[in-house]
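Asks: Here it is, the structure in full.
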Amino acid sequence: MSAGAAPQPRNKATERAQLIEAPDDFDELNRLFEERRWSDGLPIVPPTRERVTAMLGRTRRAPDSLVAAVAPAFGEASVERIAINAVMAGCKPDYLPVLIAAVEAIAAPEFNLQAIQATTNPVAVWIIISGPVAQRLKVNAGMNCLGQGSWANATIGRALRLVLQNIGGALPGEMDRATHGQPGKFSFCCAENEAESPWPPLHVEKGFAPDQNTVTVVGASGTVNMNTHAKDAGDVLRVIADTMAHGPSNDYWIGGEPWIIISPEHAHILGRDGLAKTDVRQRLWELSRMAAARMAVKDYERTQRARHDELGEIGPATLLPISPRPDLIGLVVAGGPGTHSVYVPSFGDTRSVTRAID
């Protein structure tokens, strides 16, 4: 290769996964995985040769096909290594293509995985599955979609966390420097509730065909429940926007990409009053502007530096938008009956990424 030439991308991992001798006893095996820090603190399913082979049978990609280099250690996430972590998490073989797409998505530069993996922020990777595959795999999009009870939601989200740790090298207390972390770092996965949404599905909004299937990954700092019995679209949006505006927020000092999970009941009100997603975003963007003076002094000073090119001179009375543009506010309909929607603040210095499921 001539001097200064860009390195050629590889499509294969440099090494296949190695077989190791492990105890047959389930408890002994889990002790081994705990000692070597290959688990997430929960019992794992032994990734035997037979289980991994069965998992690999659900993809046309070769086992040594390289999907991504996962930050911060930039370990090689081959199809085989992803399958091993999927087995450990308890995934069914049909889930593997979803997980492969999610790994492709987190490696996109705009997702900024290097920062997400090594920050003190509690950020977790939230997976949103959109398209017909969600129903086929029984990914929960309705009641308790962010909670327990769905095998697909729990194990797909868990498998991605194991990939982030075991391949990406983000071990808690080492590369992963989270001050507190959050429960979403065990598993954070749901499907879009397309049947209850008045708007086109998320994957169609992202430019994919209606019959395609996608995974969207979001750098989510947590979840905030918003319980409002408002029956008017303007009232619903006002109280959501009030919730979004808070002083110690990454989104305001960087200009982030916050998300709102809109419940079917609130989505019905917004749709009934004739609001498209673009209308909802525009109103939330305007209503959630926050006076810079609400920030702590140090945070105000770093916001003056971080957003100067975008906003110009920032004074205490400057009304800061939560994101640089209205279209950066993410919206997805999910959940079951009830007057609850969810605010998902972002890590700030990240952008969601959508990839097709093969």
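Asks: For residues in the range 170-229 being basic (Lys, Arg) and within 18 Å of the chain's Cα centre (by Cα), which is surrounded by the most Cβ atoms within 10 Å (Cβ to Cβ)?
Replies: 185
Asks: Further, regarding this structure: Take the residues in the range 308-319 that are small (Gly, Ala, Ser) and at negative phi, then tell me which one is surrounded by the most Cβ atoms within 10 Å (Cβ to Cβ).
Replies: Filtering the range 308-319 for residues that are small (Gly, Ala, Ser) and at negative phi, the one surrounded by the most Cβ atoms within 10 Å (Cβ to Cβ) comes out as 315.
Asks: Hey, among the residues in the range 111-137 that are out of contact with any Gly (no Cβ under 9 Å at 6 or more places or on another chain) and in a loop (DSSP other than H, G, I, E, B), which one's nearest to residue 356 (Cα to Cα)?
Replies: 131
Asks: If I filter the range 284-307 for residues that are within 28 Å of residue 231 (Cα to Cα), out of contact with any Pro (no Cβ under 8 Å at 6 or more places or on another chain) and either among the β-branched types (Val, Ile, Thr) or surrounded by 19 or more Cβ atoms within 10 Å (Cβ to Cβ) (or both), do I get at least one hit?
Replies: Yes: the range 284-307 contains one or more residues that are within 28 Å of residue 231 (Cα to Cα), out of contact with any Pro (no Cβ under 8 Å at 6 or more places or on another chain) and either among the β-branched types (Val, Ile, Thr) or surrounded by 19 or more Cβ atoms within 10 Å (Cβ to Cβ) (or both).
Asks: Can we say residue 202 is closer than 24 Å to residue 87 by Cβ, modelled with pLDDT of 95 or more and of a type in the set (A, V, I, L, M)?
Replies: no
Asks: Moving on to the next point. Determine which single condition residue 292 fails, assuming it passes every other condition in (1) in contact with a Leu (Cβ under 6 Å, 6 or more places away or on another chain); (2) under 13 Å from residue 244 (Cα atoms); (3) not acidic (Asp, Glu).
Replies: So residue 292 meets the others, but not (2).
Asks: Please verify whether residue 187 is among the polar types (S, T, N, Q), touching a Lys or Arg at 6+ places or on another chain (Cβ under 7 Å) and touching a residue at least 24 places away in the same chain (Cβ under 8 Å), treating the condition exactly as stated.
Replies: It is true that residue 187 is among the polar types (S, T, N, Q), touching a Lys or Arg at 6+ places or on another chain (Cβ under 7 Å) and touching a residue at least 24 places away in the same chain (Cβ under 8 Å).
Asks: Which number in (1) in contact (Cβ under 8 Å) with a residue 60 or more places away in the chain; (2) under 20 Å from the mean Cα position of the chain (by Cα); (3) surrounded by fewer than 23 Cβ atoms within 10 Å (Cβ to Cβ) marks the one condition that residue 100 misses?
Replies: For residue 100, the failing item is (3).
Asks: Give all pairs with beta carbons closer than 6 Å in which a residue from the range 72-90 that is under 15 Å from residue 42 (Cβ atoms) meets a residue that is crowded, with 20+ Cβ neighbours inside 10 Å and hydroxyl-bearing (Ser, Thr, Tyr); count only pairs at least 6 apart in sequence or on separate chains.
Replies: Going by the 6 Å Cβ cut-off, the qualifying pairs are 89/155; 90/155.
Asks: Counting just the residues of the range 240-283 that are under 23 Å from residue 127 (Cα atoms) and aliphatic (A, V, I, L, M), which one comes out surrounded by the most Cβ atoms within 10 Å (Cβ to Cβ)?
Replies: 262
Asks: Could you tell me how many of the residues in the range 189-238 are in a loop (DSSP other than H, G, I, E, B), in contact with a Phe, Trp or Tyr (Cβ under 8 Å, 6 or more places away or on another chain) and more than 14 Å from residue 263 (Cβ to Cβ)?
Replies: 1
Asks: Sticking with this one: Among the candidates 40, 27, single out the residue that is under 30 Å from the mean Cα position of the chain (by Cα) and either exposed (fewer than 12 other Cβ atoms within 10 Å of the Cβ) or within 15 Å of residue 159 (Cα to Cα) (or both).
Replies: 40
The values are calculated or read from the model by the stated rules, or taken from the named source; none is laboratory data. Just so it is clear, the structure is predicted and the values come from calculations on it, not from any experiment. Note: ideal-geometry Cβ built from the backbone for every residue, glycine included; neighbour counts use all protein chains shown.
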